[in-house]
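Q: Please read through the structure below; I'll follow up with questions.
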Amino acid sequence: MTNIDTAVRRMFHKNIPVEKIALDHKISIKRVNKIISNQTGMSNTKTHPRKLRGKAFNAKVKTYANQGLSFSDIASIMDCSYSTIKRAFDDTKPKKNSKPVAKKIHVPTKLKTSNKRTASFSILWGAMSFSRTTTLND
């Protein structure tokens, strides 16, 4: 471990953006992420790079997209994958209700019973059909 690793981690824990850390130490964003992720026990904290994609990240992606950049360009700028940018951009869209709203159906309290019974059959693929209705006696 070098002094630059310690300095990068200290800046990262002070919530300084990864881009600024890379500029200050004249290293790539990928290298900063590698230093941060190699820290022992880092994956369990809220500051792990996998858990950094939040509202600020999504907002930055949206501003780049509004400037007309493609997802591939944004991914190269932010040093992450195309799918991460796509997920971040999809998170900024308003979500539709995934569950359909159930409509209330009027169910009568007492069903009417009919005294009629109908039987029907057809021949020649429905060309001729016959039906017979009978009245049931109680």
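Q: If a residue has to be out of contact with any Ser or Thr (no Cβ under 9 Å at 6 or more places or on another chain) and modelled with pLDDT under 80 to count, how many in region 94-124 make the cut?
A: 21
Q: What's the total number of residues in region 57-75 that are closer than 17 Å to Ile29 by Cα and either buried (at least 16 other Cβ atoms within 10 Å of the Cβ) or not hydroxyl-bearing (Ser, Thr, Tyr) (or both)?
A: Here the count works out to 6.
Q: Go through (1) modelled with pLDDT under 85; (2) out of contact with any helix residue (DSSP H, G or I) (no Cβ under 7 Å at 6 or more places or on another chain); (3) among the aliphatic types (A, V, I, L, M); (4) assigned by TED's automatic domain parsing to the domain that holds Asn3 for Met42 and report which single condition fails.
A: With (1) modelled with pLDDT under 85; (2) out of contact with any helix residue (DSSP H, G or I) (no Cβ under 7 Å at 6 or more places or on another chain); (3) among the aliphatic types (A, V, I, L, M); (4) assigned by TED's automatic domain parsing to the domain that holds Asn3 applied to Met42, the lone miss is (2).
Every residue, every condition in (1) within 22 Å of Ile74 (Cα to Cα); (2) aliphatic (A, V, I, L, M); (3) modelled with pLDDT under 85; (4) over 29 Å from the mean Cα position of the chain (by Cα), yes or no:
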| site | (1), (2), (3), (4) |
| --- | --- |
| Asn3 | no, no, yes, yes |
| Arg10 | no, no, no, yes |
| Ile16 | yes, yes, no, no |
| Lys26 | yes, no, no, yes |
| Ile29 | yes, yes, no, no |
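Q: Anything in region 47-93 that is assigned to a loop (DSSP other than H, G, I, E, B) and at pLDDT 80 or above? List them, or say none.
A: Hits for region 47-93 are Gln67, Gly68, Leu69, Ser70, Cys80, Ser81.
The values are calculated or read from the model by the stated rules, or taken from the named source; none is laboratory data. Here the structure is a predicted model, which is why all the values come from computation and not from measurement. Here Cβ is always computed from backbone atoms with ideal geometry, including for glycine, and neighbour counts include all displayed protein chains.
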